[in-house]
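Following this message is one structure expressed as structure tokens.
Since every read-out is calculated from the coordinates, none of them should be taken as a lab result. Since this is a predicted model, take the numbers as computed values, not measurements. Positions of Cβ are generated from backbone atoms using ideal geometry, with glycine treated the same way; all protein chains shown enter the neighbour counts.
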Amino acid sequence: MVFLRSLIFLLLQIIITPLYTVISILTFPFHPITRYRIISGWALIMLWLLRLICGIRMEVRGAENIPKQPCILLCKHQSAWETIALQKVFPPQVWVLKRELLWLPFFGWGLAMTSPIAIKRSKGKEAIKQLLKQGRQRLALGFCVVIFPEGTRIPYGQRGKYKIGGALLGSATGAPVVPVAHNAGRLWGRNSFLKHPGTITMSIGVPIDPAGLKAEEINRRAEEWIENEVAHLP
């Protein structure tokens with residue numbers, strides 16, 4: 001049954017995504033925030049399908065910790081689920097992502113319309129400079145900036161090395177840094193086709209005020225909170 005439900009979800013995703021890509025491209029003349037609000041409708045549809053077909057529901061803890069002003073989100077990365085769910089839980093946002101994702105047919109083309117910060121990881125210091133420059137610009141536009149500090153999806157129950165880019169952006173701009181934990185990998189694993197029914201819990205931590213803190217300390221606090229919270233999620 002899990003296989004069949006996962007297959008139905010995939011087929012509907014394959015049908016809906018190209019259609020929504022056309023809508024996404026047509027938003028080009030609009031303000032970036034307006035474009036985002038329209039394009040993120042795709043994520044809401046996917047969450048609805050996940051609940052209806054695959055039986056995956058979402059519980060959000062700590063929603064009261066979401067700042068009123070644009071912030072930097074440092075989120076655990078276990079699955080494709082969080083890239084969808086963040087769009088429902090948080091205000092308009094842009095993602096820091098690898099540039100190659102924009103080359104994916106349909107999905108990548110729509111993604112390009114959301115004003116992402118698309119970096120080439122191998123560029124090292126140049127990628128950090130791009131993150132700081134474009135991150136500041138996106139925050140000024142009213143976007144939150146989403147960063148997966150582990151850089152790639154990590155299997156459920158494991159942890160990766162937390163990179164410092166998000167903390168550097170917080171230190172440079174003064175924007176609050178919000179740690180986000182979840183247990184999506186328990187139901188929808190890293191690069192997994194199968195999507196098991198159940199409830200995924202997303203937990204939002206108290207924002208870290210970067211004032212007076214070095215980037216290393218911001219990063220340490222975020223990592224410590226995220227990993228401790230993940231360990232205690234059901």
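Mind listing the phi-derived Karplus ³J(HN,Hα) values for region 87-98, rounded to whole Hz, using 6.51, -1.76 and 1.60 with θ = phi - 60°, and x for any glycine or proline?
6, 7, 7, 9, x, x, 9, 10, 10, 8, 9, 6
Report ³J(HN,Hα) in whole Hz for each residue of region 36-52, in order, from the Karplus equation J = 6.51 cos²θ - 1.76 cosθ + 1.60 where θ = phi - 60°; Gly and Pro get x.
The phi angles translate into 4, 4, 6, 5, 5, x, 4, 5, 5, 5, 5, 5, 5, 5, 4, 6, 6 Hz.
Test of understanding: ordering Thr114, Thr152, Thr17 by Cβ neighbours within 10 Å, fewest first, what list do you get?
By the 10 Å Cβ count, ascending: Thr152, Thr17, Thr114.
For Tyr156, which sequence-distant residues (separation of 5 or more, or a different chain) have an amide H within less than 5 Å of its own amide H, given hydrogens modelled in the peptide plane?
Arg190
Still on this structure, I have one more. Scan around Lys195 for amide H atoms under 5 Å from its own, H built in the peptide plane at 1.01 Å from N, and keep only partners 5 or more places away or cross-chain.
Here Ser6 satisfy the definition.
Please report the net charge: other residues with Cβ closer than 13 Å to the Cβ of Leu187, K and R +1, D and E -1.
+4
May I pose another question? Which whole-Hz ³J(HN,Hα) couplings does region 63-72 yield from phi under the Karplus relation 6.51 cos²θ - 1.76 cosθ + 1.60, θ = phi - 60°, glycine and proline marked x?
4, 5, 8, 5, x, 6, 9, x, 9, 10
Order of Val180, Val89 from fewest to most other C-beta atoms within 10 Å?
By the 10 Å Cβ count, ascending: Val89, Val180.
Can you say what percent of the DSSP beta bridges in the chain, counting only those with both residues inside, are antiparallel? Round to 5.
Bridges in the chain that DSSP calls antiparallel: roughly 15 percent.
Next question. Lysines within cross-link reach of Lys125: Cα-Cα under 23 Å, excluding same-chain residues under 8 positions apart?
Cross-link targets: Lys98, Lys133, Lys161, Lys163, Lys214.
List every residue whose amide H lies under 5 Å from the amide H of Trp95, counting only residues 5 or more places away in sequence or on a different chain, with H placed 1.01 Å from N in the peptide plane.
Placed amide hydrogens put Ile117, Val146 under 5 Å from Trp95.
Only Lys, Arg, Asp and Glu count, each charged at its Cβ (+1, +1, -1, -1), so figure out the dipole size of the chain about its Cα centre, rounded to 20 debye.
500
Within 10 Å of each residue's Cβ, count the other Cβ atoms and sort Cys54, Cys75 from fewest upward.
Lowest to highest Cβ neighbour count: Cys54, Cys75.
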